[in-house]
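Below you'll find the structure, written out as structure tokens, and then a few comments.
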Amino acid sequence: VDGQIVAHYGVWGYDMRVGTATIRCGGIGAVCTHPDHRNRGYLLRVANASIDAMRDEGYDVSLLFGINDFYDRVGYVRAFSYRQHAIETDDLPTAEPLRPSRKFKLVRREDTDKLYNRTFAGQTGTAVRPTFRRAGDIRGEGHGWRDDRDRLAGYVYVEDDRRGDRLKCYEAVGDPEQVLRVLGRLARRRSFSSVALMNQPRATKLIQRV
């Protein structure tokens with residue numbers, strides 16, 4: 001409008017697993033309308049245009065974590081709920097991790113991508129890494145550990161949530177006992193009362209253990 005972008009509907013393409021198959025998914029984000037131009041139907045227009053463009057480009061499906069009873073206007077239906085599993089810090093193992101873990105900065109890494117792909121092969125809804133090849137830094141921090149051959153054996157991605165008095169874990173790969181010991185040590189060192197496993201696939205060994 002008058003040379004300004006007033007509505008935006010971002011699409012990030014990535015490959016998603018459905019069982020042993022792989023489909024092309026349009027992940028949606030950065031959805032917004034300028035406050036001075038709301039309630040004029042602009043967002044619905046750009047959403048429909050984006051969906052048409054994804055269809056033309058050969059995408060199989062589009063996915064977003066959105067507002068209930070809004071995106072159904074452009075054809076979205078509820079697929080699954082955003083889940084988190086909360087664990088009281090007192091219920092986490094108190095023993096030291098089986099292997100020492102080291103903190104690392106969250107940037108796109110080939111070793112974490114490979115380990116993630118091996119771990120989540122066949123897990124419906126997970127992404128095939130790498131997703132965004134030019135991605136910048138990811139929020140939070142990583143803690144990884146290595147095997148006897150000095151190869152990455154597992155890791156966790158975590159972020160402090162001081163307002164919620166909890167440690168958020170966005171991704172966890174590796175032996176469940178080791179993962180829980182690392183999370184327990186981190187939570188206790190930072191005086192958090194609980195750990196939240198954010199949207200982890202339910203069929204993993206870790207979530208079954210929890």
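The values are calculated or read from the model by the stated rules, or taken from the named source; none is laboratory data. Please read these numbers as outputs of a predicted model, since none were measured by experiment. FYI the Cβ positions are ideal-geometry reconstructions off the backbone, even for glycines, and counts take in every protein chain you see. Please note that ligands, DNA and RNA were not included when accessible areas were found on the heavy atoms of the full protein model with its side chains. Shrake-Rupley method; radii C 1.70, N 1.55, O 1.52, S 1.80 Å.
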Notebook entry, point to check: What is the spin-label model distance, in nm, from residue 151 to residue 67 if the labels are put 7 Å beyond Cα along the C-beta direction?
Noted result: 4.8 nm
Checklist line | Pairs of Cα atoms farther than 17 Å apart, region 1-84, % | finding: 53 percent
Checklist line | Theoretical FRET efficiency, 1/(1+(r/R0)^6), r = Cβ-Cβ of residue 8 and residue 84, R0 30 Å, to 0.05 | finding: 0.60
Next item on the list: Calculate, in nm to one decimal, what residue 77 and residue 198 gain on full extension: separation in residues at 0.36 nm each, minus their alpha carbon distance.
Entry: 41.4 nm
Item checked: Pair residue 163, residue 141: separation of 7 Å Cα→Cβ label points (nm) -> 2.1 nm
Next item on the list: Can you work out the accessible area per residue across region 31-173, with the rest of the protein chains kept in place, probe 1.4 Å, in square angstrom?
Entry: 67 Å²
Margin query: In whole percent, and with a 1.4 Å probe on the protein chains, what portion of the accessible area of the chain is carbon and sulfur?
Written below: 45 percent
Next item on the list: Quote the relative contact order of the chain in percent (integer), defining contacts as alpha-carbon pairs under 8 Å separated by 6+ residues.
Entry: 21 percent
Notebook entry, point to check: Once you charge only the Cβ atoms, +1 for Lys and Arg and -1 for Asp and Glu, what is the size of the charge dipole of region 1-137 about its Cα centre, to the nearest 20 debye?
Noted result: 380 debye
Checklist line | Translational D in µm²/s for the chain (Stokes-Einstein at 25 °C, 0.890 mPa s, Kirkwood Rh from C-alpha pairs) | finding: 127 µm²/s
Item checked: Helix runs (DSSP H) in the chain reaching 18 Å along axis by Cα, Kyte-Doolittle at least -1.0 -> 42-56, 176-189
